[in-house]
Amino acid sequence: MKIAIIGQGYVGLALAKVAVESGHNVIGFDTNLKVISGIKDKNLELPNYQVTNSEADITDKEVYIIAVPTPLDQNNLPDLSYLKQASELIGRAATKGALVINESTSYPGTLREIVITEIEKINKSQFLYASAPERIDPANTKWSIKNTPRILAGINAKSTIAALEFYKTICDDVTAVSSPEVAESAKLFENTFRQVNVALVNELAQISNKLGISATEVIQAAATKPFGFMKFNPGLGVGGHCIPIDPIYLAQKAEQLGAPAKFIRQANLVNEQMPLYVLQKLKELLNGSLQKKKICIVGLSYKADVSDLRQSPSLVLFKELQNSGANVVFHDEIVKDFNDIKSTPLTQNSFDLTLVAIRHSNLAVDKVIASAPIVFDCTGSITGAHQL
Ligand SMILES: NC(=O)c1ccc[n+]([C@@H]2O[C@H](COP(=O)([O-])OP(=O)(O)OC[C@H]3O[C@@H](n4cnc5c(N)ncnc54)[C@H](O)[C@@H]3O)[C@@H](O)[C@H]2O)c1
């Protein structure tokens, strides 16, 4: 099929590759010239794939898939400007009968209220519409776009059938649900489930600390129960484009409708405050003051084995430590440099304290231990280090 994917970032480019591998002819459209030249420079252009910022290249395709950012604006509210622009673009480019799919994460109602509304303002032709939220998990070597079950729904039976037929060519397991709102809500609920459970174990870490016991040991003990329990690990907070943001999309929609979202809001708050909790712990370990203390944060990205710094709690802690007068450096062999600061090597006894925020697979733990007299480990995986 002739496909245009709007947005060639993390999700859009990964989808383009899978679609090409499945035999489709794909045009990847992006408004950011750096993204386009990055794809060209890395020779990621494959046969049957072309990356472009020219609207002329995406006219008259059979399938249009939206994979643009859905962040929060300055007031912490859903920012749908990218989604609106992408919809307008499709309105200008698509011709009658095309299948338009939204994969970007957004609140229930987005397909109808934003995508369809914006397209119909420009183009009165009949289109098929579906929502098929992406579930990709960066750095996950087991679950990919292909083998992660996909849920989707069209606005009518014809749209659902067309979307099912398309996704069956790229995914092993595709399920249609009864409406786009169900698909959109399921995606938000999955990530909210994670946000809430991470917040719960982050609270447990603080409770265990006061009790003088190890949260990791408590969680491991609880996880021996073979039913009714699912293991989550505490950490410095949550980051990335999904877990800190998607629940706010759900909460905002809930509150607009007069439904409660207290749990979701509270979970967000607990996770957001983790870097401040850790800051306090570090202060205690350094006898009450961080002034001029040399502190190394190990792992700057938001999760192991990725370079993505978006919403990373390590960056929040970095700033808080600087504001407290500490001399902060970082070690991250994947991120390598950030704001013109380069990753510092882990040489012996070079810091007053080393904090492990994220543990990439290739991290030399012996070097971490030797790098400072005090090691604080937010990952719960380094024996002998101070824990959350
Ligand atoms: N990254 C993930 O792990 C992940 C997982 C599942 C779902 N999602 C969702 O997928 C969507 C995309 O996320 P991402 O991580 O790929 O974001 P990203 O920032 O990596 O990529 C988005 C791309 O869209 C481009 N873009 C912005 N406006 C555009 C427009 N009007 N027309 C064309 N291109 C435009 C940007 O230049 C960027 O390259 C979001 O809704 C996100 O929540 C992301």
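Net length available on complete extension from Met230 to Val177 is 16.5 nm, with 0.36 nm assigned per residue and the Cα-Cα distance removed.
In this structure the amide hydrogen of Ile374, modeled in the peptide plane, comes within under 5 Å of the amide hydrogens of Thr354, none closer than 5 places in sequence on its chain. Site pair Leu46 and Lys168 shows an inter-label distance of 2.2 nm when each label is modelled 7 Å from Cα along Cα→Cβ.
If you take the Cα centroid of the range 224-241 and the Cα centroid of the range 255-295, the two points sit 17 Å apart.
Spin-label model, Leu77/Lys336: points 7 Å from Cα along the beta carbon direction are separated by 4.0 nm. When the helices of the chain are scored as -39500 (n - 2.57) per DSSP H run of n ≥ 4 and the total is divided over every residue, the value at 222 nm lands at -11500 deg cm²/dmol.
Taking packing as the residue-averaged number of other Cβ atoms within 10 angstrom, the listed peptides 183-191, 273-281 run from highest to lowest as 183-191, 273-281.
Straight-line reach from Lys225: taking Cα to Cα under 30 Å and skipping same-chain neighbours fewer than 8 places apart, the lysines in range are Lys142, Lys187, Lys210, Lys262, Lys303.
Please find the FRET efficiency linking Lys283 to Asn197, where r is the Cβ-Cβ separation and R0 is fixed at 22 Å, and quote it to the nearest 0.05.
Values: r = 28 Å, r/R0 = 1.28.
The pair Lys283/Asn197 has a calculated efficiency of 0.20.
Between helix 157-168 and the chain there is an angle of about 60 degrees, using the helix long axis and the longest principal axis of the Cα atoms. Given the options Val201, Leu89, Tyr49, identify the residue whose Cα lies farthest towards the positive end of the charge dipole of the chain (+1 on Cβ of Lys, Arg; -1 on Cβ of Asp, Glu). The residue sitting farthest along the positive end of the dipole is Val201. Along the charge dipole of the chain, Cβ charges K/R +1 and D/E -1, which of Thr216, Ala19, Ile161 sits furthest on the positive end? Farthest along the dipole direction, towards plus: Thr216.
Relative to the longest principal axis of the Cα atoms of the chain, the long axis of helix 262-272 makes an angle of roughly 50 degrees. Excluding residues on the same chain fewer than 8 positions from Lys96, give the lysines whose Cα lies under 18 Å from its Cα. Cα-Cα hits under 18 Å: Lys2, Lys61, Lys121, Lys124, Lys158.
So if R0 is 41 Å, what FRET efficiency would Asn209 and Thr31 give, r being the distance between their Cβ atoms, rounded to the nearest 0.05?
0.30
Relative to the longest principal axis of the Cα atoms of the chain, the long axis of helix 10-21 lies at roughly 50 degrees. Extension gain for Asn140-Asn327 works out to 63.9 nm (0.36 nm per residue, less the C-alpha to C-alpha distance).
Backbone phi angles across the range 283-290, fed through the Karplus curve with coefficients 6.51, -1.76 and 1.60 (θ = phi - 60°), yield HN-Hα couplings of 4, 4, 5, 9, 6, x, 9, 9 Hz in residue order; Gly and Pro are listed as x. A simple rule links phi to the HN-Hα coupling: the Karplus curve 6.51 cos²θ - 1.76 cosθ + 1.60 with θ = phi - 60°, which for the range 352-364 gives 6, 8, 10, 10, 9, 8, 9, 10, 5, 4, 8, 5, 8 Hz, with x for Gly and Pro.
Among the trypsin sites (Lys or Arg not before Pro) in the range 199-257, those located in a DSSP loop and surrounded by at most 14 other Cβ atoms within 10 Å of their own Cβ are Lys231. Of the candidates Phe229, Phe376, Phe29, which one comes out as most mobile in a Gaussian network treatment of the chain with C-alpha springs shorter than 10 Å? Top of the fluctuation ranking is Phe229.
In this structure, the amide hydrogen of Ile151, modeled 1.01 Å from its nitrogen in the peptide plane, lies closer than 5 angstrom to those of Thr175, counting only residues at least 5 positions away or on a different chain. Over the chain, the fraction of Cα-Cα pairs per 10 Å bin, rounded to whole percents and listed from the shortest bin up, is 5, 21, 28, 23, 16, 7, 1.
Between the range 23-96 and the range 312-388, the alpha-carbon centres lie 37 Å apart. When peptides 12-24, 292-304 are ranked by their average number of other Cβ atoms within 10 Å per residue, the highest-first order is 292-304, 12-24. Here the relative contact order of the chain, from alpha carbon pairs under 8 Å that lie six or more residues apart, stands at 10 percent. With both labels modelled 7 Å from their Cα along Cα-to-Cβ, the Ala157 to Gln291 distance reads 7.6 nm. Which of the aspartates and glutamates could a cross-linker span from Lys283 if the Cα-Cα distance has to be under 16 Å and same-chain partners fewer than 8 positions apart are dropped? Here the aspartates and glutamates satisfying the reach criterion relative to Lys283 are Glu320, Asp352, Asp377. Peptides 317-325, 106-114, 255-263, ordered by how many other C-beta atoms sit within 10 Å of their residues on average, highest first, read 106-114, 317-325, 255-263. Near Val100, the amide H atoms lying under 5 Å from its own belong to Tyr64, Leu128, Tyr129, Ala130; only residues 5 or more places off or on other chains count, and H is placed 1.01 Å from N.
Just so you know, all these numbers are worked out from the coordinates, no wet-lab data involved. Remember, predicted model here, so these are calculated numbers, not experimental data. Don't worry about glycine lacking a Cβ; one is built from the backbone with ideal geometry, like all the others, and counts go over all protein chains shown.
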